[in-house]
Each structure stands twice: as C-alpha cells, then as structure tokens.
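What follows is a set of notes on a single structure, which appears directly below.
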Amino acid sequence: MKKQKFPYLVGSKWTAQDQTFGWRHFQVKNRQHEGKLVFAELVAACDPAVRFWINAKNLQDKSRWQPGWQPLQAQPENSVP
C-alpha cells in the first residue's frame, strides 16, 4: 500500500504570514488529489464564505504559512502588503 502524502491535512489549522483574502487564520476542510499533487481547501476561521484551494506543498513554506493558529504580531495601521 502506498504511503499517503499529507495524512493529517484535513482539519489542520494554519496561519498565513500575510493576509490572504483579508484573513490570516485558516482551517483545511477538504483535500483533493490531481495526479501526484495534493490540494487543500482552506476556509477562513472567521468567515466560512472565504474558501480557496492551494497546493498542499505550499503549506510547507514557512515564509508564507505557519502550522496552527499563531498569535499575530502587531502591524502598523498603514502597512501595505
């Protein structure tokens, strides 16, 4: 039997380093395989209407995503991403 990539993906929580669709905290609600790629459907924690699919491998990029819901660093009011 083949080893499943990202076995604990569904239900995992993630914090975006930069705002994504206006939010920073997301949870994986679904997964989908496309050939050798695995995609995760992320849903914003505070707004379930905000949903998008991402290549699950991108979640391993620590410069963009942190596992779990991390406390946010204070950001200046006028900061532009």
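Taking the residues in segment 1-40 that are over 17 Å from residue 66 (Cα atoms) and of a type in the set (S, T, N, Q) as candidates, determine which candidate is modelled with the lowest pLDDT.
Ranking the qualifying residues of segment 1-40, first place goes to 4.
Hey, any hits in segment 41-52 for a residue that's at pLDDT below 95 and either among the polar types (S, T, N, Q) or over 22 Å from residue 71 (Cα atoms) (or both)?
No, segment 41-52 contains no residue that is at pLDDT below 95 and either among the polar types (S, T, N, Q) or over 22 Å from residue 71 (Cα atoms) (or both).
Hey, residue 73 hits all of (1) outside any strand (DSSP E or B); (2) in contact with a helix residue (DSSP H, G or I) (Cβ under 7 Å, 6 or more places away or on another chain) but one; which does it fall short on?
Going through the list (1) outside any strand (DSSP E or B); (2) in contact with a helix residue (DSSP H, G or I) (Cβ under 7 Å, 6 or more places away or on another chain), residue 73 breaks only (2).
The values are calculated or read from the model by the stated rules, or taken from the named source; none is laboratory data. In this text, all values refer to a predicted model and were calculated from it rather than measured experimentally. Glycine also receives a Cβ, built like all others from the backbone with ideal geometry; neighbour counts cover every protein chain displayed.
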